[in-house]
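The structure appears right after this line, and notes come after that.
Each value in this text was obtained by applying a stated rule to the coordinates, not by laboratory testing. Small disclaimer: the values here were computed from a predicted structure and weren't measured. FYI the Cβ positions are ideal-geometry reconstructions off the backbone, even for glycines, and counts take in every protein chain you see.
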Amino acid sequence: MMNNGITPELANAAQVLATDMMCVTAGESVLISADTSTDMPAVEAVQNAYCSIGAKVATIILAPRLPYQGALADPHLPDHFKAAVRECDVWIDLCFPYLAGSKAFDSAMQNQRTRYFLGADIGAGGLARLLGKGRLDQLFALSNAFGALVGEASGKECHITNRLGTDVTFTLAKPDGFALAKAEEPGGYFVPGTVVLIPELESVRGVIKCETVFHEYYTTMADPLSLALDGKIQAVTGGGPERRVMERALRRAGGGEFGYVVHFSCGLHPGARFTGKSFIEDQRITGYNAIGLGLPPWMPGGGENHPDAVMSLQSIAIADQQIVKDGTIVSPPALVELAEEVNAALS
């Protein structure tokens, strides 16, 4: 064990984030945003990694913790923070709720300079598990292959189920959003280990059932939440006391209504484990699905200010071809082979 709770595994993961994922070089300006709930050993490990390669590092702790993510966070951001994000080469966002989708974020993305990393609530343990072994090239090869399969299936029907009772169909739209790649150019970047499936909004039909949600905070539920969909979300049932919070978040993100499914996803990282506490890590478990709910970015009020439902161990079929079965990739053979190689390297 190293000082201040920084283990060798965490220190190595932070170094992978700095050099391999974010491609930082000496002299670049790095901003780390955190809040009063952020895991401080993770912040310190990330700081140390960037300082060790000669980057110019500043950390801003936002207090109190932001009540909402995305554009809904804007009224709570101080002016000096908004100025800082426009003037950095790399922005590591460890706030949760996170800042992607805010006007401050938009200003950073428009400067053709900043590389943004949506770390959110990854924490020290998640950072070590998701990045500590490196092997990013293998992980991105898998997500790129899965993403290409999804992209080539644009216009085809996708069918998602799980053992909890999810049964939903939709038409696949062209993928768009954050890059599933190393941060070699300005733009927004995810923690590796997931692939996004974008639906044609009005095509989503059926029922989604989940045990975990991110509405105003991230939480598990003893009573699963159920969403009935016919284009827009038609009804929310179950969820115990969390249903009211979810309904409130849905109406906030949907302009007074429940809104749509903005995205589905599929986790691909064999090193991820279910914590019930980390939205970022839990959705990267192989076969898990983070389902974004609300309005898409091109609609007024849309963007990253949406709640999410996290669904476990899904099955995915595209145009009657089973791609994932109970959380395991089962076809096509080339994708299965890549998944097995990643599993062997990162489990």
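Relative to the longest principal axis of the Cα atoms of the chain, the long axis of helix 136-152 lies at roughly 30 degrees.
When the listed pairs Lys232/Lys277; Lys103/Lys209; Lys56/Lys182; Lys156/Lys325 are checked against a 23 Å cut-off, the alpha-carbon distance exceeds it for Lys232/Lys277; Lys103/Lys209. Order of Tyr288, Tyr217 from fewest to most other C-beta atoms within 10 Å? Listed from fewest to most nearby Cβ atoms, that is Tyr217, Tyr288.
Helix content alone sets the calculated 222 nm mean residue ellipticity of the chain: runs of n ≥ 4 DSSP H residues at -39500 (n - 2.57) each, divided across all residues, give -7500 deg cm²/dmol. Take every Cα pair under 8 Å whose residues are at least 6 apart in sequence, average their separation, divide by the length of region 1-143, and the relative contact order is 30 percent. Can you give me the angle between helix 40-52 and the longest principal axis of the chain, using Cα atoms only, in degrees from 0 to 90, rounded to the nearest 10? Here the helix axis deviates by roughly 60 degrees. Pairwise inverse Cα distances across region 3-131, averaged and inverted, put the Kirkwood hydrodynamic radius at 14.5 Å. The angle between the Cα long axis of helix 242-253 and the longest principal axis of the Cα atoms of the chain comes to about 80 degrees, rounded to the nearest 10.
Out of all DSSP beta bridges in the chain, what portion is antiparallel? Express it as a percent rounded to 5.
Details: 48 of 69 bridges.
The antiparallel proportion sits near 70 percent.
On a C-alpha basis, how far is the centre of region 1-60 from the centre of region 144-211 in Å? Whole number, if you could? First find each Cα centre; the distance between them is then 30 Å.
The Cα trace of the chain gives Rg and Dmax of 19.1, 53 Å, the first to one decimal, the second as a whole number. Exposure proxy shown here: for Ile316, Ile92, Ile60, Ile6, the number of other Cβ atoms within 10 Å sets the order, fewest to most, as Ile60, Ile6, Ile316, Ile92.
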